[in-house]
Amino acid sequence: MNINQSFKQKLIDIVGSDYVIVDKQDMIVYESDGTHDKGMPDYVTLPGSVEEVSKLVILANDYGIPIIARGSGTGLSGGAVPISGGLIISVNRMNKILNIDPEKATAVLEAGVINLEISKKASEYGLFYAPDPSSQQACSIGGNVAENSGGPHCLAYGVTTNHILAIEVVLPTGEITWFGEMNKESSGIDFRGLFIGSEGTFGICTKVVVKLLKQPEEVQTFLIAFNNINDAANATTSIIGSGIIPSAIEMMDRTASKAAEEGTNAGIPENSDTVLLIEIEGFKEDIKEQELLIKDIVNEFDPIEIKLAANTKERDLFWKARKGVLGALGRIAPNYFLVDGTVPRTKLSFVLSEVNKLAKKYGLIVANVLHAGDGNLHPCIIFDQQTPGDTQKALSLGGDILKVCVENGGVLSGEHGIGYEKKEYMPLLFSENDINYMKEMKNIFDSKNNFNPGKIFPEMSDTIEQPK
Amino acid sequence: MTIKSYIDNVKDEVYKCVHCGFCLTACPTYLVSGQELESPRGRITLMKATIESEIIPDSNTFAHWDRCIQCRACEPACPSGVNYGLLIEATKTGMNEVRSESFIYRYNLKIILNLLISKWFVNLNALIFRIYNKLKISQLINKVKLNKLLPKKINELEKMIPIINGFPLKSGNYPSDTNNNFKVMLFRGCVMPGIHGDNMRKTIYLLNHLGFDVEVLDNEVCCGSISSHNGDSDMTLKLAKTNIDNFLQNESKYLLISSAGCGTRIKEYNHLFNKNSSYYNKALLLKEKTMDIYEFLYNNLPFKPEGNINLTVSYQPACHLINTQKIIDPPVELLKMIPGIKYVELPSSNICCGAGGAYSITQPEWSKKVLNKKMTEFKSINADILTVSNPGCLIQLQNGIQESSISSDIMYVTDLLYNSYLKGEKNES
Ligand SMILES: Cc1cc2nc3c(=O)[nH]c(=O)nc-3n(C[C@H](O)[C@H](O)[C@H](O)COP(=O)(O)OP(=O)(O)OC[C@H]3O[C@@H](n4cnc5c(N)ncnc54)[C@H](O)[C@@H]3O)c2cc1C
Ligand code: SF4
Ligand code: SF4
C-alpha cells in the first residue's frame, strides 16, 4: 500500500467511507469557497464528532498533511481554499443545536450550525442571536468564529466576538480543549478572544457557546431612496451625529440596488440612485419618537422616497434585497472581487468618490454595498473570469481601492478576514515587525504550520506594491 | 452529441452562479448529508467543470445529478436568479443521451417511462393495488412474518404500494346545478385519477358546489414531467404538443390542475420550444389559461366554507407549487377559512418530503433520508391532520406516517374543504 492508500484507509476507519471523498472529479466542488480562488484538496472528510476531528488531526500530523477547516464555504477571502492541497475537515455534519438556556440566554451549538437557525430556534423563547452576516442563511457558526464575522446589525450589537462565551477547539496537536467560560466573561488571558478571527490557522472549533439577546419590543425599518451617494452618506453621518444609534444602517449604490431590486421586487424606486436601509428597535414609545426624528433628518437631504416596512413580511423583503445583493451581482457578470475595507465614517463620501474614479480608470464596474453605519465598505468589482486579463485587472483595482482606504485611516478587512485573497495587501497596513509578532503567535498554536498554511501572512515580508 | 454539448447549451445560465452558497440550506439532499456534492452549488460546479473540460462526467458525477430531487427549492433561495430547472433538465437530457448508448438502459427506460404514463397501465395497477388493499395483503405479510423472508428491496417496494382511494376518475362533463355557465377543465394527469379517484371527485364536487361546470378531457395526455425529469426530450415534446393543441381547442376559460408537478410542467411548456416556433406562442397562451386549483379557488371563492372542523391541521406544500409557481399563501389561507380549525405551521415546510415524481422509486435510499427528517419535524407539532396539495406528497407522506406509527391523518387541502362545505350544507338543510 502506498502512503495515499494507507492514509485514505485510516480516514475511512475514523469517519466511515460515506464521509471520505478522494475522487478528483468529485473534489472539484471543494476547490473554492464564496470567492473565485481555487485549490484542489487531496482528501475531504466530514467527521461527525469532536473525537473524530481530533483523530483526524492526529492522523494528518503523523503523515505531515496540512489541514483546512471548512464550514459552509461562503467565505469571501479564500480562507477555506486548500491552495496547496491537504485534508479538508468539513464540519457541516456537526450541526446540532445542543441546548438553549432561556434563563441564562445562552445556546450551546455544534460548529456546523447555520447562523440563521440559531435565531429561528431561539425565537421560541423570545430571544435571538445578534450577529447576522448577510450570508446568515448559509454560513456556519464555526466559520463566523473563525472570521469574527459581522453583519448589518453589528452596528448596535458588535461583531461575533462580543457574543461568544466559550468555544471548544481541537488544537493542532489533536488535543480537545475549551477556551472561555460558560456563564460569564473570561478572566485571565483571553484565549477565546485570540482564537476568534484566527481564520482556521490556530485549530478547529467544534462547539460554540453564544449569548442570546431578548427580542426588541418594536422594530421599524426604513428604505430610503436618494438622488446621489453623497446625500445618502451625509444623511448617515447626521443620523448618527444626532445621537440615535440605529441597529443597522446599510447602503447600496445604483448598480447594487438595481441588481437587488431585480431579484426581489422590494420596491426600490426606478429613479433612485443610492438606497439606505435603516432599522431602529427598542420600546414602542421610543421608536415612534426616533422614527419622526430620522424622517426630519433624512428630509434635509432631498430623498426621492421614504418607505417604512408595513409589516414583518415587507421588512423581510427589504432585508432579502440587502442580504442577497452580492449574489444578485451574478445578474451582471459571473465573478466579483469584494474589497472589504473600513474607513472612518466621516471619510465615506470622499473614499467612495475615489473608488468610482479608480473604477473608471480601470474600465470596470464597481457596485458599492456598505455597512454605512460603521464605515465598512464593500466595493464589489464585477468581472468575468472568462475574459482574458479581467481577473488581473480586478485584483489590481482591488489593491488600489485598499490603498485609498488605508491612506484615509482605514483597515484592510471589516469582517471577511485576510485569508488567501488579501494576504499580499497586509504590508499596506502592517509593518514587518507587526507581521512577525502575528507569526510568533501562530507559532505558539501551530508550530508545524500545518493548519491552513498559506493564509493571512504574505509570501514575502517586504512591501508589495501590486497584488499578484 | 456529448453531455458537454448539452450543458454548453445552458452555459449563460450556469455562469449566473456566483458560488455564494445561499442555496445550500434550501436543498433537501444537502440538509440530510452535509455534502457539498449533494447541493445545488455542488451540482452546478460539476456542470461548470464539465463546460470547462476540467472533468469528464462519469458514473460518480451522474450519481450526484441523479440524487437531485428537482424540487427546485434552490431557485427562490438564489439571489442571482439562477434557473436551476433549466440546468438540471439540460444535464439530464445529456445523461440520457450517454446512457442510451447502452441498449439495455435505453429500452428499459423507454418501456418503463411509456408504461408509467399510459392510462391503461395506471388503471390496471390501480386495480391490482385496490385488490391488494382490500384483501389487506400487507397486514397478512406482516402477520405470517413473510416480511422477514422477502428480500429487502421487495419489502421496501411493498411498503410503497399506495392506498387506493376509490375507482379511477372518468373523463366527461360534470355540470353544476347553477346556470352560471362558467366552465373549467380539470387536468387528470397520470397518477391521481387512478389512485386518488375519490379525492378528484371531491374536488369536482367542490367546484360544482361553488357554481363551476367541470370538464375532464378524454384526449389529454401525460403532462411530460416524468419524461423530462428523466431526460427523454423527444417524448416530452410529443406529449406537450398534444396537450397544447387539445387544451387550446377547448372553449373553457381555465385549465385547472390539482397536481403541482403537472402544473409546473404545463406552465413551462414554452421552455421546450424555440422562440420562433409557433408552439412557443401557443405554449404561452396555454400558460395564461392554466391555474393551480388552489390559486383558482382562492381567487374565485363565491362563499366561504361553514362546516365546523375542530382539529389541529398542518400543511406540507408541494415544492412545485411554492418554488416554481410561487403559490404560497392560497392553500393556507383556504385552510384558515374553515371554522374551528387550529392551524399549526410545519417547521421547514418549504423543504421537500422526498417524493419528487419518480424519485422515491429511482432513489429509494435518499428519498427515505429526506422523508425521515420530515417525519421528525411533523411529529414535533402533534397535528391531527397533515394536508398536502399534490398526489406525490400524499403517497410519500402517507408512507412516512404509517412507517412511524403516528395516528395523524393525511389528506388534500381540497378534501378538508370538501368536508367543511358538505357539513355546512347539511347544517343548512
Ligand atoms: C453573499 C455573501 C455575503 C456575506 N456577507 C457577510 C457579512 O455581512 N458579514 C460577514 O462578516 N461575512 C459575510 N460573508 C462572508 C462569510 O459568509 C463569513 O465569513 C462566514 O463567517 C463564513 O462562514 P462559513 O461557514 O461559510 O466558513 P468557510 O467559508 O467554510 O470558512 C471560512 C474560514 O473559516 C475557517 N473555518 C471554517 N469553519 C471552521 C471551524 N469550525 N473551525 C476553525 N476554522 C474554521 C476556514 O478554514 C476558513 O478560513 C458573506 C459571504 C457571502 C458569500
Ligand atoms: S432541485 Fe432540490 S434537490 Fe435539486 S439541487 Fe435544487 S434544492 Fe437540491
Ligand atoms: S444561490 Fe445561486 S448564485 Fe449562489 S451558489 Fe446557489 S445557485 Fe449559485
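The values are calculated or read from the model by the stated rules, or taken from the named source; none is laboratory data. Remember, predicted model here, so these are calculated numbers, not experimental data. Note that each Cβ is placed from the backbone with ideal geometry, even for glycine, and that neighbours are counted across all protein chains shown. SASA here: full protein model, heavy atoms, side chains in, ligands and nucleic acids out. Shrake-Rupley method; radii C 1.70, N 1.55, O 1.52, S 1.80 Å.
Numerical summary
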read-out: Given charges at beta-carbon only (K, R positive; D, E negative), |dipole| of the stretch A:229-338 in Debye; value: 500
read-out: Exposure of B:Thr2 as accessible area (Å², to 10), given a probe of 1.4 Å and all protein chains; value: 90
read-out: Over the protein assembly as shown: Kirkwood hydrodynamic radius from C-alpha pairwise inverse distances, Å; value: 29.6
read-out: Label zone at B:Lys336, where the point sits 7 Å out along the Cα-to-Cβ direction: the stretch A:298-339 residues whose backbone N lies under 20 Å; value: A:309-318
read-out: Cα-Cα over 28 Å, subset of B:Lys287/B:Lys374; B:Lys170/B:Lys241; A:Lys313/A:Lys357; B:Lys289/B:Lys342; value: B:Lys287/B:Lys374; A:Lys313/A:Lys357; B:Lys289/B:Lys342
read-out: Those lysines that a straight Cα-Cα span of less than 24 Å connects to A:Lys320, excepting residues fewer than 8 apart in one chain; value: A:Lys120, A:Lys121, A:Lys214, A:Lys258, A:Lys295, A:Lys307, B:Lys16, B:Lys326
read-out: Angle in degrees between helix B:278-289 and the longest Cα principal axis of chain B, rounded to the nearest 10; value: 40
read-out: Solvent-accessible surface ranking, highest first, for B:Asp409, A:Asp62, B:Asp177 at 1.4 angstrom; value: B:Asp177, A:Asp62, B:Asp409
read-out: The stretch A:189-275: GluC sites (Glu not before Pro) in DSSP loop, at most 11 other beta carbons within 10 Å; value: A:Glu270
read-out: Inter-probe distance in nm under a simple model that places probes 7 Å from Cα toward Cβ, at A:Ile189 and B:Thr242; value: 7.7
read-out: Charge context of A:Val15, other residues only, Cβ under 13 angstrom, K/R +1, D/E -1; value: 0
read-out: Cα shape, the stretch A:32-118, gyration tensor, a/c 1.5 rule; value: oblate
read-out: Surface accessible to a 1.4 Å probe, B:Glu365 within the full protein complex, Å²; value: 120
read-out: Accessible-area ranking of A:Val20, A:Val298, B:Val98, largest first, probe 1.4 Å; value: B:Val98, A:Val20, A:Val298
read-out: Given charges at Cβ of Lys, Arg, Asp, Glu: the protein assembly as shown dipole, positive-most of A:Gly375, A:Leu223, A:Ser90; value: A:Ser90
read-out: Relative contact order, percent, the stretch A:345-420 [alpha-carbon distance under 8 Å, six or more residues apart]; value: 26
read-out: Size of charge dipole - the protein assembly as shown - debye, nearest 20, with Cβ of Lys, Arg +1 and Asp, Glu -1, no other charges; value: 3200
read-out: Rounded to 10°, Cα long-axis angle of helix B:233-249 versus longest principal axis of chain B; value: 40
read-out: In degrees, nearest ten, helix B:119-134 long axis to first principal axis of chain B (Cα); value: 60
read-out: Charge tally in the Cβ shell below 9 Å around B:Gly85, where Lys, Arg are +1 and Asp, Glu are -1, B:Gly85 excluded; value: -2
read-out: Helix-only CD estimate at 222 nm, as mean residue ellipticity for the protein assembly as shown, using -39500 (n - 2.57) per DSSP H run (n ≥ 4); value: -13000 deg cm²/dmol
read-out: Sequence of A:His371, B:His271 when ordered by accessible area, the most exposed leading, probe 1.4 angstrom; value: B:His271, A:His371
read-out: The protein assembly as shown - percent of accessible surface contributed by carbon and sulfur, probe 1.4 Å; value: 52
read-out: Mean separation of Cα contacts under 8 Å (6+ apart) over length of chain B, as relative contact order %; value: 15
read-out: Fraction of beta bridges assigned by DSSP in the protein assembly as shown that are antiparallel (%, nearest 5); value: 70
read-out: Derived scalar couplings ³J(HN,Hα) [the stretch B:84-93; Karplus, 6.51 cos²θ - 1.76 cosθ + 1.60; whole Hz; x for Gly, Pro]; value: 4, x, 4, 5, 6, 5, 5, 5, 5, 5
read-out: Between A and B, accessible area buried - total, square angstrom, nearest 100, 1.4 angstrom probe; value: 2800
read-out: The stretch A:18-28 - phi-based ³J(HN,Hα) in whole Hz, Karplus 6.51/-1.76/1.60, Gly and Pro as x; value: 5, 10, 10, 10, 10, 5, 4, 5, 6, 5, 4
read-out: Inter-label distance for A:Ile306 and B:Asn179, nm, one decimal - labels placed 7 Å from Cα along Cα-to-Cβ; value: 5.9
read-out: Per-residue HN-Hα couplings for the stretch A:84-97 [Karplus 6.51, -1.76, 1.60; θ = phi - 60°; Hz; x = Gly/Pro]; value: 10, x, x, 9, 8, 10, 9, 9, 4, 6, 8, 10, 9, 7
read-out: Sum of side-chain charges, B:Asn281 neighbourhood, beta-carbon under 12 Å (Lys, Arg +1; Asp, Glu -1); value: +2
read-out: Separation in nanometres of the label points that stand 7 Å from Cα toward Cβ, at A:Leu293 and A:Glu262; value: 3.9
read-out: Mean Cα-pair separation over length for the stretch B:3-77, i.e. relative contact order, pairs under 8 Å, 6 or more apart, %; value: 37
read-out: Area of A:Trp319 that stays accessible when all protein chains are in place (1.4 Å probe, Å², to 10); value: 20
